[in-house]
1. Run through the range 125-220 and list the GluC sites (Glu not before Pro) located in a DSSP loop whose Cβ has at most 15 other Cβ atoms within 10 Å.
2. So, counting K/R as plus one and D/E as minus one, what does the shell of residues with Cβ under 14 Å around E371 add up to?
3. If you look at just the Cα atoms of the range 95-194, how large are its Rg and its Dmax in Å?
4. Note down the net charge around A34, summing +1 for each Lys or Arg and -1 for each Asp or Glu among other residues with Cβ under 11 Å from its Cβ.
5. Just to confirm my understanding: which cysteines in the chain have no other cysteine beta carbon less than 4.7 Å from their beta carbon?
6. Once neighbouring chains are kept in place and the probe is 1.4 Å, which whole percent of the accessible area of the range 244-403 is contributed by carbon and sulfur?
7. Among bridges DSSP assigns within the chain, what percent are antiparallel (round to 5)?
8. Taking the Cβ of K397 as the center, what net charge do the other residues with Cβ under 13 Å away carry, scoring Lys and Arg +1 and Asp and Glu -1?
Amino acid sequence: MKSLLIICDGMGDRLTSGKTPLEAASTPWMDKIAKEGINGIMDSVRTGTRPGSDTAHLSLFGYNPFKVYTGRGPLEAAGAGLTLKTGDVGIRCNFASVKDKKIVDRRAGREEYGLQELANDIDGIEIDGVKTIFKKCPGHRGALVLRGTNLSSEVTDSDPEEINVGIRKSVPLDDSEEAKFTSGIINKFTKITTEILEDHRINEEREKLGKLPANAILMRGSGIKPEIERFEMRHGVKGACISATDLIKGICRLVGMDVIDVEGTTGHVDSNIKGKALATIDALKSYEFVFLHIKGTDEASHDGDFEAKKMMIERIDKEVIRPILENIENTNVVLTADHSTPVSVREHTADPVPIAIYGDVRTDLVDKYTERDCARGDLNRICGRYLMDILFDLSNKAKLFGA
Ligand code: ZN
Ligand code: ZN
């Protein structure tokens, strides 16, 4: 049997006017998975721990996030397509607008005009023997890799995450020479890039067009490249990932999955999820394990928009779950979420998520895919870190423990 993991980001919820978005939505195909499958609820990281999407996915792929997670920076950088080496530090960046040494917009007006050219011109700077690799990411974002010897991620951000203040000076977070050295590199990078960007032709053009200049780089979330065992080594199965989110693609790249890009996918509620479903069906022809990630449910949750979340769930049911169930065979399918993002809270919470596994399973009595229905199923309440073990056991890929 092959294995398919479908994660609808932040799909779990609490009750709003007596119902969760999953309960309010019409989802005949998700319900088919529940009815013919085995169901439960899941703490993706640990009971009571609020998961980030990154730590949740690491856990669901079978890793201990408390051991392997080193921050968001290296995962974003890997997701942006930068290849990280051991000892590299990855950092998330924003193009920002600074006037009279004060940040007036942390996102340069969210205006992409000319950013690619600016990114090219600040890529490949060498500072005190450290190579800096900069790549433009969607929107106003960028990713930075510091490559050299003796680097540390124990440094503070240059991004103050507020406006009307100056760019922060990065300082070391411990007494090591490495942290002192790395914060020095970050501060020099701020200075050098500001000089390049300030008088750049693109920024003159931006100002002529009435746009804010993109004349500074803000850095945050630095992390050393995590040392993670390859997915294939850990589970004995080669995997492919289909996701529109750099953070998730980065995790998948770092564990050695193949990342399949699909045109028209945005990570928003308007994404081409139908295309993702077709790519999934296709990938299952050549991979033993396929992971499909859909982000729109989380986005609607952060917006606190119950109706948008309900509609996104109905779209997933019709445009993703239906074609997949109608077109695959000999495959165990897991349908779950990486965490709950209740629309009433607008943030990730530790509420367990619903999970259903369909395929070669011992079917239980649950017949609807919702948080409260799944909780009555035979999987009971599981920890996300054991999900791959459960799935690969069902798919007959597991090794015997003992004799
Ligand atoms: Zn998430
Ligand atoms: Zn989220």
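1. Answer by residue number: E161, E162.
2. Summing Lys and Arg as +1 and Asp and Glu as -1 gives +2.
3. Considering the range 95-194 through its Cα atoms, Rg and Dmax are 13.9, 41 Å.
4. -1
5. Flagged as lacking a Cys partner: C8, C93, C137, C374, C383.
6. 46 percent
7. Beta bridges within the chain, antiparallel portion: roughly 60 percent.
8. -1
The values are calculated or read from the model by the stated rules, or taken from the named source; none is laboratory data. Every value quoted in this text rests on a predicted model; they were computed, and no experiment measured them. Cβ atoms come from the backbone with ideal geometry, glycine included; neighbour counts cover every protein chain shown. Heads up: the accessible areas ignore ligands, DNA and RNA and are worked out on the full protein's heavy atoms, side chains in. Shrake-Rupley method; radii C 1.70, N 1.55, O 1.52, S 1.80 Å.
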